[in-house]
Amino acid sequence: MPLHRGPDAPDERPVSVNPFYGLANPAAGMTEAPPKHRLPDAPMPPSTAHQLVRDELMLDGNSRLNLATFVTTWMEPQAGILMAECRDKNMIDKDEYPRTAELERRCVAMLADLWNAPDPGAAVGCSTTGSSEACMLAGMALKRRWARRNADRYPGARPNLVMGVNVQVCWDKFCTFWEVEARQVPMEGDRFHLDPRAAAELCDENTIGVVGVLGSTFDGSYEPVAELCAALDALQERTGLDVPVHVDGASGGMIAPFLDEDLVWDFRLPRVASINTSGHKYGLVYPGVGWALWRDAEALPEELVFRVNYLGGDMPTFALNFSRPGAQVVAQYYTFLRLGREGYRAVQQSTRDVARSVADRVAALGDFRLLTRGDELPVFAFTTAEDVTAYDVFDVSRRLRERGWLVPAYTFPANREDLSVLRVVCRNGFSADLADLFVEDLTRLLPELRRQPGPLTRDRSAATGFHH
């Protein structure tokens, strides 16, 4: 979660309250308006508090028009009802809510089977609050396994983790929080993610693992996990170094099994020790739920698992968070049950079809050059064509926001800081009809943008809130 500070300057102006929100005396609502940055002295009617909060939230963007986020913004009403019924259940209290715990166990088993674990019954896994926590847990397991193998050198030796510069920011956080050196493979030319050979060259006796990303947030492309494993196999033959792989399948882990069945990226590769995914992305569940799975018990050191005699029973846990609602886990099981393999395949195929269609239509406008086409993740990135000088991607992003569309514009990392792009994330709920409206709005903006004397954005770092 982001860190927040208090107001830069004291602001004790009360929140304005419409007199109709008050009690029987309409003037009471105005005279008893609450402050904004300290607790009110007295309570207020629930209807008044509800309306005050609701009025402020009206200024948020429409989540269905947010083409920046990978997070699910639409579920069926039945899922919403189940989540409302389970929001008061503490997920960690497995003794008190045994059926919720059982649904979590079934989800882990289903994912182990989906990701081709050699023995799904021996795979170990858990739900998390999202992929960020799942990545932290996977990284901790990698580091502990490395430390156990190098007990004669650690803590003197400094561990490192190899990954592409395109990884989600949670991996940078992991390296910072757990004192691991981040070794990142830069982008080069038209390669916008990790290169297997370059990754292997960065490995040494202090490497705890290599992260492969199945679906880069920068452009939606899959990293070549099988080629990465092959490069590490060759490294082991040459040097004896046995470096495990973690697959960050935050998005692609719930796309590839249904649409790219011949793509080998998962536990079929013996070097893959663990996988994570975001249930709240293409797992089709509201935020926040993620999943972390290990090939077997050996891949997850037992000393990281806490067995707590708490709330009435013995409870093995591996988590950074403790108390959290069971609603999202229940919603994940509902969605697995509701859709099955064929249902997921149909939903994800529809989403990919929309992405490819929109990408082709954007390219046909003539002002833009596609970097990706939405044929891996249902995500595509594009930049302005070389002959476009009147405006840039930041101008496009800003003008689309005027129509309600949130489309991030951002600059790529090393070694492609020269490249600024727009990215469109297509999710279930971004229908063909909405896609038509998006393309129509973009097309309508172009004549005005073409008449500009030049790009209007001066501070590119402030042009968008998107970083990963």
| request: Taking the residues in segment 369-417 that are more than 23 Å from Arg191 (Cα to Cα) and open to solvent by 30 Å² or more (accessible area, probe 1.4 Å) as candidates, determine which candidate is farthest from the chain's Cα centre (by Cα). | output: Thr389
| Residue count for segment 52-78, restricted to those that are among the small types (Gly, Ala, Ser) and free of Cβ contacts under 8 Å to residues at least 60 places away in the same chain | 1
| Criterion violated by Tyr334 - all others in (1) of a type in the set (Phe, Trp, Tyr); (2) modelled with pLDDT of 90 or more; (3) in contact with a Ser or Thr (Cβ under 8 Å, 6 or more places away or on another chain) satisfied | (3)
| remark: Residue set Glu448, Glu342, Glu417; condition farther than 30 Å from Ser127 by Cβ, out of contact with any Ser or Thr (no Cβ under 9 Å at 6 or more places or on another chain) and not in a strand (DSSP E or B); output residue Glu448
| query | Hey, among Ser357, Ser420, which residue is touching a residue at least 12 places away in the same chain (Cβ under 8 Å) and either surrounded by 19 or more Cβ atoms within 10 Å (Cβ to Cβ) or among the basic types (Lys, Arg) (or both)? | reply | Ser420
| task | Could you tell me whether segment 25-42 includes any residue that is open to solvent by 30 Å² or more (accessible area, probe 1.4 Å), small (Gly, Ala, Ser) and either assigned to a helix (DSSP H, G or I) or at pLDDT 90 or above (or both)? | result | no
| Do we have any residue at all in segment 94-104 that's out of contact with any Cys (no Cβ under 9 Å at 6 or more places or on another chain), in a loop (DSSP other than H, G, I, E, B) and open to solvent by less than 70 Å² (accessible area, probe 1.4 Å)? | yes
| query | Taking segment 112-131 on its own, how many of its residues are within 11 Å of Phe267 (Cα to Cα) and either in contact (Cβ under 8 Å) with a residue 60 or more places away in the chain or surrounded by 24 or more Cβ atoms within 10 Å (Cβ to Cβ) (or both)? | reply | 8
| message | Residues that are touching a Phe, Trp or Tyr at 6+ places or on another chain (Cβ under 9 Å) and either closer than 26 Å to Gly240 by Cβ or of a type outside the set (A, V, I, L, M) (or both): list the helices (runs of 4 or more DSSP H) wholly contained in segment 106-219 that include at least 2 such residues. | response | 131-149
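The values are calculated or read from the model by the stated rules, or taken from the named source; none is laboratory data. Please read all numbers here as calculations on a predicted model, not as lab measurements. Using ideal geometry, Cβ is built from the backbone for each residue, glycine included, and neighbour counts are taken over all protein chains shown. What goes into the accessible areas is simple: the full protein's heavy atoms, side chains included, and nothing from ligands, DNA or RNA. Shrake-Rupley method; radii C 1.70, N 1.55, O 1.52, S 1.80 Å.
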